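The values are calculated or read from the model by the stated rules, or taken from the named source; none is laboratory data. The structure presented is a predicted model; accordingly, all values stated were derived computationally and were not measured. So basically every Cβ, Gly included, is an ideal-geometry build from the backbone, and we count neighbours across all protein chains shown. In case anyone asks, the SASA skips ligands and DNA or RNA and just uses the protein heavy atoms, side chains included. Shrake-Rupley method; radii C 1.70, N 1.55, O 1.52, S 1.80 Å.
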Amino acid sequence: MTKADIVNEITRATGIERAHVLETVEKFMEVVKESLINGENVYLRGFGSFIIKVRSEKTARNITKNTTIVIPEHKIPAFKPAKSFMEDVK
């Protein structure tokens, strides 16, 4: 399902104009993204959490040059579904 599919489904289900739904969905994604950039997790009760995970520093190998490289500690965005969400999907 794409963003356009989501917008169309919400428009069909609610009767709200497509332009307003699209603007709302895009603003939601922007707010989530900005919150994660600022180090704040986003919790949506009954749906899940958008969180920042910290990956620790590790040693890796560059196979083409046969050398060892160090990958520094870094942050990645992640989604953790709520228990009720997981039960519904199962």
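Some values worked out for this structure:
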| item | result |
| --- | --- |
| When each of Lys53/Lys80; Lys3/Lys75; Lys33/Lys83; Lys33/Lys53; Lys3/Lys53; Lys3/Lys27 is checked by Cα-Cα distance, pairs over 18 Å | Lys3/Lys75; Lys33/Lys83; Lys3/Lys53 |
| Accessible area (Å², per residue) of the chain, counting only protein heavy atoms and a probe of 1.4 Å | 84 |
| Paramagnetic reach from Ala78 in the range 23-47 [backbone N under 17 Å; point 7 Å along Cα→Cβ] | 36-37, 39-44 |
| Carbon plus sulfur fraction of accessible area for the chain, probe 1.4 Å, in percent | 56 |
| Size of charge dipole - the chain - debye, nearest 20, with Cβ of Lys, Arg +1 and Asp, Glu -1, no other charges | 540 |
| Mean separation of Cα contacts under 8 Å (6+ apart) over length of the range 1-78, as relative contact order % | 19 |
| Distant-in-sequence amide H partners of Gly48 (H built 1.01 Å from N, under 5 Å) | Ala82 |
| Where only alpha carbons of the range 1-87 are counted, the Rg and the Dmax (Å) | 18.9, 60 |
| Per-residue [θ]222 nm for the chain (sum of -39500 (n - 2.57) over DSSP H runs n ≥ 4, rounded to 500) | -13500 deg cm²/dmol |
| Net lengthening on full extension, Asp5/Tyr43 (0.36 nm per residue, minus Cα-Cα) | 11.3 nm |
| Signed unit charges on C-beta, dipole axis of the chain, positive-most listed residue Val89, Ser56, Thr68 | Thr68 |
| Derived scalar couplings ³J(HN,Hα) [the range 45-51; Karplus, 6.51 cos²θ - 1.76 cosθ + 1.60; whole Hz; x for Gly, Pro] | 4, x, 10, x, 10, 9, 10 |
| Backbone HN-Hα couplings from phi across the range 72-89 [Karplus 6.51/-1.76/1.60, Hz, Gly and Pro as x] | x, 4, 8, 9, 9, x, 8, 10, 10, x, 6, 4, 5, 4, 4, 5, 5, 6 |
| Solvent exposure, largest accessible area first (probe 1.4 Å, DNA, RNA and ligands not counted), of Lys80, Lys90, Lys27 | Lys90, Lys80, Lys27 |
| Loop-resident sites, the range 25-90, for GluC sites (Glu not before Pro), counting at most 15 other Cβ within 10 Å (DSSP) | Glu40, Glu57, Glu73 |
